[in-house]
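The values are calculated or read from the model by the stated rules, or taken from the named source; none is laboratory data. Just so it is clear, the model here is predicted, and its values are computed rather than measured. Quick reminder, even Gly has a Cβ in these numbers, built from the backbone with ideal geometry, and neighbours come from all protein chains shown.
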Amino acid sequence: MSAGALLRRGGWILAAVLLSTCLCAQERSPSAQDPSAHDLAQRVDRHYNQLHSLKAGFTESYEGLGMRRTESGTLLMMKPGRMKWDYSAPPGKLFLLDGKFAWFYSRGDLQVQRIAAKELDDLRSPLRFLLGHTELEKELSNLALARGPGGNFTLTGQPKGQEKRVSRLTLTVTAEGVITGIEIEEADGALTRFTFTGEAPNVPIPAQEFRFTPPPGVPAVDAAPPV
């Protein structure tokens, strides 16, 4: 092989090595392009503060106390203060916030449970803070950012005011600030996970969707507030 050919070959090898080195460096340091926890929390705030309504599918799973269950349905939210978890599996299960009260009912129950919204302490309402003016950093202390699956991120913190019950809350968030998942670890080690799909922002939702009338013959009972 001629000296010129060797030089040309050496040049291609050097270029390939340099390109490979650059690509590896990029793979090793994705954090250079990542937002901070503060930046991503503000994107979440901006996204939800411009909404007046929201519709999404959800899947809810629970692991704890020797039990496992998975449920699913449709989530509706409307400002101010209205939220509806309408379960299709199991069918007939409902959790509803009408702005004043929270209602709990499953088909076949002998009574409907009702509690004042301001006294509510329920793990199906982790998005309740989004129904007003969202300030994520005021809702979660010690907020930390990490890379999540599929190019998403996770924001993990301690829900303020729930220190005795919830040890960790993790939001899975897109780079644009859309929440696609929530994981809640309780103090006893139980895990509840919510996954959201098909978010439809600012869709028209009839006001009657957030009104609940107990079925005929089923009394509404005021539940005791959390201790």
message = Testing SER88 on (1) hydroxyl-bearing (Ser, Thr, Tyr); (2) at pLDDT below 90; (3) assigned to a strand (DSSP E or B), one condition comes back false. Which one is that?
response = (2)
query = With (1) in a strand (DSSP E or B); (2) of a type outside the set (Asp, Glu); (3) buried (at least 17 other Cβ atoms within 10 Å of the Cβ) as the list, and SER61 as the residue in question, which single condition is left unmet?
reply = (3)
inquiry  = I'm trying to understand the selection: among the residues of the range 115-145, which are modelled with pLDDT of 95 or more and either in contact with a Phe, Trp or Tyr (Cβ under 7 Å, 6 or more places away or on another chain) or charged (D, E, K, R) (or both)?
reply    = LEU145
note = Scanning the range 99-113 for residues that are part of a loop (DSSP other than H, G, I, E, B) and in contact (Cβ under 8 Å) with a residue 24 or more places away in the chain, the one nearest to PHE129 (Cα to Cα) turns out to be GLY99
note = In the range 65-98, anything surrounded by 14 or more Cβ atoms within 10 Å (Cβ to Cβ), farther than 19 Å from ILE179 by Cα and not charged (D, E, K, R) is listed as TYR87, LEU94, PHE95, LEU96, LEU97
request  = Using the structure shown, decide if LEU120 is over 16 Å from the mean Cα position of the chain (by Cα) and either surrounded by fewer than 17 Cβ atoms within 10 Å (Cβ to Cβ) or within 24 Å of GLY99 (Cβ to Cβ) (or both).
outcome  = yes
inquiry  = Quick check on the range 175-227: of everything there that is surrounded by 11 or more Cβ atoms within 10 Å (Cβ to Cβ) and at positive phi, which residue is nearest to the chain's Cα centre (by Cα)?
reply    = GLY177
